[in-house]
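Okay, so here's the structure we're looking at.
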Amino acid sequence: MNRHKRREGEQVPSHNKPPASVTGAPAREAMHGPDAGYRARFSAVCEHVPFGVVALVALIAVVRVVQYHWREGSALLGSALLVAAVFRATLPKRRAGLLAVRSRVVDVVSYCALAGCVLFIALTIQGGPLS
């Protein structure tokens, strides 16, 4: 019935095999090795470092606001947004991690606009209930 059934031990003719570039065999072989898992974990961690830096600066800003240094905290928050804009402008989307929300131009313009507003308010308001 099945005329293409192979006998046990019969080799597949080489002209029927897809080339290695189609199957991805060399890339797969390069990924598997003694330290392939380490490289994958390191790459995954590196993707979140820019967001971690921005989050750390923002956390310090919140601490300063809670300590009644609201102007300094607001300036730090604006600085965190500027750092986010620099990371988003310079890093590729894969390395920007959670900072990449929209297209690069929209992200950078949004971060810079928010940073400008926050810094303007922090540097121009005089007195206030927390002074």
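Anything in the stretch 74-123 that is among the β-branched types (Val, Ile, Thr), farther than 16 Å from Ile60 by Cα and part of a helix (DSSP H, G or I)? List them, or say none.
Residues satisfying the conditions are Val86, Thr90, Val105, Val106, Val108, Val109, Ile121.
For the stretch 64-73, name all the residues that are part of a helix (DSSP H, G or I) and either among the hydrophobic types (A, V, I, L, M, F, W, C) or over 14 Å from Leu123 (Cβ atoms) (or both).
Arg64, Val65, Val66, Trp70
If we scan the stretch 101-115, do we find a residue that is at pLDDT 85 or above, aromatic (Phe, Trp, Tyr), in contact with a helix residue (DSSP H, G or I) (Cβ under 9 Å, 6 or more places away or on another chain) and buried (at least 17 other Cβ atoms within 10 Å of the Cβ)?
yes
Among the listed residues Arg94, Arg88, which satisfies the condition of being of a type in the set (Lys, Arg), closer than 30 Å to Arg41 by Cα, under 17 Å from the mean Cα position of the chain (by Cα) and surrounded by fewer than 16 Cβ atoms within 10 Å (Cβ to Cβ)?
Of the residues listed, the single one that is of a type in the set (Lys, Arg), closer than 30 Å to Arg41 by Cα, under 17 Å from the mean Cα position of the chain (by Cα) and surrounded by fewer than 16 Cβ atoms within 10 Å (Cβ to Cβ) is Arg94.
The values are calculated or read from the model by the stated rules, or taken from the named source; none is laboratory data. What you see is a predicted model, and the numbers here were worked out from it, not measured in a lab. Every residue, glycine as well, gets a Cβ built from its backbone with ideal geometry; the counts of neighbours run over all protein chains shown.
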